[in-house]
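In what follows, a single structure is set out as structure tokens and then discussed.
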Amino acid sequence: MANQQSTLIDSISRERMIDTMERRVASVALTFGIAVGALILTGCATTEARISNNPEMYQRLSPRDQALVSQGQIRPGMSMDAVWLAWGTPDQKIPGERRGRPTETWMYVRYDTPYPSYGAPYYYGPFDWSYIPPKFPYLSKGVTFSSGRVVFFQHLPPPPP
């Protein structure tokens with residue numbers, strides 16, 4: 001009888017161990033899948049991806065502007081299409097007026113952790129702690145157009161820690 005109980009306990013222990021290993025494998029697979037998905041989606045937001053998905057738009061640019069766009073840079077006088085290829089879709093578009101002419105300003109927001117975490121948990125509220133650092137939005141760059149051409153642009157530094 002004792003031998004049967006020992007065999008039964010060994011069998012249950014083996015099943016639990018297999019179940020635990022299966023859960024770990026599933027967890028690793030899910031994490032890997034999420035990471036690959038994030039890389040694919042992030043890859044679509046690159047200058048190279050926008051150029052390759054819109055070759056006719058890129059070919060309409062001057063050689064000078066093609067070189068700048070390929071490096072993710074812009075210049076005064078560039079078209080809206082060139083800026084979109086270089087910097088992507090803005091987070092906000094603001095209509096305005098300059099010298100009696102309509103303008104449009106594109107604002108780009110970046111999300112960043114402005115300070116090191118040193119492995120300490122972050123406090124988000126009562127009973128809400130996390131080791132994942134919070135991401136804070138800040139305005140990173142902006143460009144103003146008049147008559148469809150760049151009249152002003154600026155890169156802004158991240159906020160101090």
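The values are calculated or read from the model by the stated rules, or taken from the named source; none is laboratory data. Everything numeric in this text was worked out from a predicted model, so none of it was measured. Cβ sites come from the backbone with ideal geometry, for glycine too, and all protein chains shown count toward neighbours.
Of all residues in segment 117-159, those being touching a Pro at 6+ places or on another chain (Cβ under 8 Å), at pLDDT below 75 and not in a strand (DSSP E or B) number 2.
Results for (1) closer than 18 Å to residue 141 by Cα; (2) outside any helix (DSSP H, G or I); (3) of a type in the set (Phe, Trp, Tyr); (4) at pLDDT 95 or above, shown as yes or no for each residue.
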{"site": "57", "(1), (2), (3), (4)": "no, no, no, yes"}
{"site": "65", "(1), (2), (3), (4)": "no, no, no, yes"}
{"site": "81", "(1), (2), (3), (4)": "yes, no, no, yes"}
{"site": "86", "(1), (2), (3), (4)": "yes, no, no, yes"}
{"site": "93", "(1), (2), (3), (4)": "yes, yes, no, yes"}
{"site": "97", "(1), (2), (3), (4)": "no, yes, no, no"}
{"site": "104", "(1), (2), (3), (4)": "yes, yes, no, yes"}
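Restricting attention to segment 67-79 and to residues that are out of contact with any Gly (no Cβ under 9 Å at 6 or more places or on another chain) and touching a residue at least 40 places away in the same chain (Cβ under 8 Å), the residue that is nearest to residue 136 (Cα to Cα) turns out to be 74. Of all residues in segment 68-79, those that are in a strand (DSSP E or B) and touching a helix residue (DSSP H, G or I) at 6+ places or on another chain (Cβ under 7 Å) total 0.
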